[in-house]
Amino acid sequence: MVEPTSIQLDKGHIVEAARNTPVVRNVEVLVCGGGVSGVGAALGAARAGAKTMVLERNAFLGGAATAVIMNTWNVPVTRMTGVAKEIAITLAERGAGNIKGPTFPFDPEALKELSAELLKDAGVEVLNYSWVVDSIMEGNRIKGVIIQNKSGRQAILAQTVVDATGDADIAAAAGAEYVLGREEDNKMRPMSVLFRMGGIDMKKAVEYCRSQPKENFTADPNFHILDLDKGLVRMSGFFDIVDRARASGELPDEIHYLRFEGISVERGIVTVNNSRVYGVDGTNAWDISRADTEARLQNRKLYKVIKENIPGFENAFVIDSSPTVGVRETRRVRGPYILPQEDLIAQSTYPDSVVRIWRHMKAGIDWHKADGGEGAPTDPVYRTATTDLTWFEIPWGVFTPNNVEGMTVSGRALSVTHDADMWTRGQYCCLVTGQIAGISAALAAQNELSPSALDVGDLQRMLFEHGIDIGEVSQRLELENT
């Protein structure tokens with residue numbers, strides 16, 4: 001039995017008694033975080049033959065796609081690779097996703113179900129409702145983690161750990177080198193709480209958009225889509241409505257436009273992605289709580305303005321809001337290579353490339369600036385700029401953190417710059433980099449190596465076998481297999 005914590009103050013700290021923490025699992029690959037990146041990592045590791053376990057703090061899997069209900073990927077299914085493409089096609093086959101356009105909107109509830117199903121079929125053990133509270137270290141080698149849940153404090157041991165927390169929580173606890181937010185001042189992108197509205201007459205809303213001056217809407221055809229025939233609608237702008245609402249005090253100064261995505265035309269459902277809270281740190285519990293509260297208060301105002309001003313929304317109602325606040329940026333590890341935006345713009349290729357990612361992007365585009373003003377008249381991104389369907393490669397050197405062995409990272413934690421993060425932080429990219437982190441973790445565990453010691457050629461061949469497009473290197477591997 002654990003001794004109760006004694007009230008012994010020592011310079012503002014509580015002194016805790018020593019405790020014996022039970023080891024409840026010992027696996028080959030432990031994935032910390034069950035968001036889209038963690039789902040990819042778990043599937044990658046398990047399908048590569050590793051005994052795999054996932055830890056998740058929420059009641060369900062999917063992270064930003066489900067807990068934040070951000071349910072649009074900015075890439076057409078024809079350019080997807082790996083398990084991401086499999087997931088998109090499966091959702092479409094179930095009537096829960098639309099693969100006919102330049103982006104992929106989907107039903108977040110269906111993704112919850114599919115994620116659980118795929119991991120179960122792959123033999124992955126999932127433990128929800130659990131917080132990772134510390135890393136277990138042997139020198140600079142991570143050996144597992146300490147968790148806390150309704151069963152108390154427990155230990156999970158692993159040959160290799162994947163940090164798919166989004167915030168690099170495990171890497172940071174293990175002593176990895178990292179940067180917080182923007183390099184020069186540590187500022188981070190804003191946080192949001194999304195919500196869904198139902199009861200919308202989508203035909204009426206689309207007709208209204210078509211009747212208005214085009215300057216009232218985002219110029220980018222990938223953000224403002226009005227194709228009822230294909231069931232593809234994504235609306236962004238309504239600048240005149242927002243300008244009037246801000247001037248009258250109906251909307252806060254942080255909001256400069258309206259953005260509806262993840263739209264189900266047939267059901268008359270839209271996701272509203274507009275609340276913005278700046279100057280908050282996603283690694284600070286007080287900031288997270290404040291951001292969540294402020295975003296929900298913004299949403300009440302948004303709902304009223306939308307319902308009263310946009311034709312087709314007269315009978316709209318709130319279906320739900322995201323269970324958790326959406327955090328766009330926190331820690332990113334520093335690894336053997338730090339990927340800069342210049343590489344992505346130049347479409348640089350690498351001998352150690354592990355994936356080629358496609359998405360709608362362009363130089364100078366930053367949809368979520370840390371300084372605010374998103375969608376303001378002075379912000380061309382949501383007013384006049386357009387994006388192209390482009391590609392970039394990601395090298396292996398961004399997946400392993402400096403100072404820690406036995407670990408890979410994925411998703412938002414990759415070793416990239418703040419500017420490059422705008423390219424790599426999207427859910428589709430996080431899902432694919434998760435799969436890569438999981439496969440590499442499995443390969444390392446099976447060969448009793450730290451991931452940083454893997455032969456890159458062996459890893460590339462394994463990724464190629466799992467159907468991942470690794471860019472220019474894929475051509476060489478195709479020739480080897482002919």
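Bear in mind that the values in this text are calculations on the coordinates, not laboratory data. All values reported here derive from a predicted model rather than from experimental measurement. Here Cβ is always computed from backbone atoms with ideal geometry, including for glycine, and neighbour counts include all displayed protein chains.
Given bins 10 angstrom wide, list per bin the percent of all Cα-Cα distances in region 217-337, short to long.
11, 37, 33, 14, 4, 0
How large is the helix-only mean residue ellipticity at 222 nm for the chain, computed as the sum of -39500 (n - 2.57) over DSSP H runs with n ≥ 4, divided by its residue count, in deg cm²/dmol to the nearest 500?
Helix contribution divided over all residues of the chain: -9000 deg cm²/dmol.
Please report, in debye to the nearest 20, how large the charge dipole of region 1-150 is about its Cα centre when each Lys and Arg carries +1 at its beta carbon and each Asp and Glu carries -1 there.
The dipole of region 1-150 has a size of about 260 debye.
How much length would be gained if the chain were fully extended between residue 247 and residue 478, taking 0.36 nm per residue of separation minus their Cα-Cα distance, in nm to one decimal?
Contour length minus the Cα-Cα distance gives 77.2 nm.
Could you check how many percent of all C-alpha pairs in region 392-477 are farther apart than 22 Å?
Result: 23 percent of Cα pairs exceed 22 Å.
Please give the per residue volume of the convex hull enclosing the alpha carbon atoms of the chain, rounded to a whole number of Å³.
Considering the Cα atoms of the chain, their hull volume per residue is 154 Å³.
Starting from a Cα-only point model with no solvent, please compute log10 I(q)/I(0) by Debye for region 316-429 at q = 0.18 1/Å.
-0.99
Run through region 126-196 and list the trypsin sites (Lys or Arg not before Pro) located in a DSSP loop whose Cβ has at most 13 other Cβ atoms within 10 Å.
150
Once you charge only the Cβ atoms, +1 for Lys and Arg and -1 for Asp and Glu, what is the size of the charge dipole of the chain about its Cα centre, to the nearest 20 debye?
1000 debye
Counting other Cβ atoms within 10 Å, which GluC sites (Glu not before Pro) in region 108-169 have at most 10 and lie in a DSSP loop?
Taking region 108-169 and a limit of 10 other Cβ atoms within 10 Å, no loop GluC sites (Glu not before Pro) are found.
What percent of all Cα-Cα pairs in region 263-325 falls in each 5 Å bin, counting up from 0?
With a bin width of 5 Å, the distribution comes to 3, 15, 25, 20, 15, 11, 7, 4, 0.
Please give the per residue volume of the convex hull enclosing the alpha carbon atoms of region 1-140, rounded to a whole number of Å³.
172 Å³
Divide, for region 351-414, the radius of gyration over alpha carbons by 2.2 N^0.38 Å, where N is the residue count.
1.51
Which helices, taking whole DSSP H runs in the chain, have alpha carbons extending 24 angstrom or more along the helix axis plus mean Kyte-Doolittle at least -0.5?
Qualifying helices, which must be both long enough and hydrophobic enough, are 427-446.
Where does region 113-175 land on the Kirkwood hydrodynamic radius, alpha-carbon pairs, in angstrom?
Taking the inverse mean of 1/r over all distinct Cα pairs, region 113-175 comes out at 12.9 Å.
What do you get for Rg/Rh of region 240-288 when both radii come from the Cα atoms and Rh is the Kirkwood radius?
1.11
Would you mind working out the magnitude of the charge dipole of region 395-467 relative to its Cα centre, with +1 at each Lys and Arg C-beta and -1 at each Asp and Glu C-beta, to the nearest 20 Debye?
The calculation lands at about 220 debye.
Give a quick list of GluC sites (Glu not before Pro) in region 212-277 that DSSP marks as loop, anything other than H, G, I, E or B, with at most 12 other Cβ atoms within 10 Å.
266
How many Å³ per residue does the convex hull of the Cα positions in region 58-185 occupy?
Hull volume normalised by residue count: 155 Å³.
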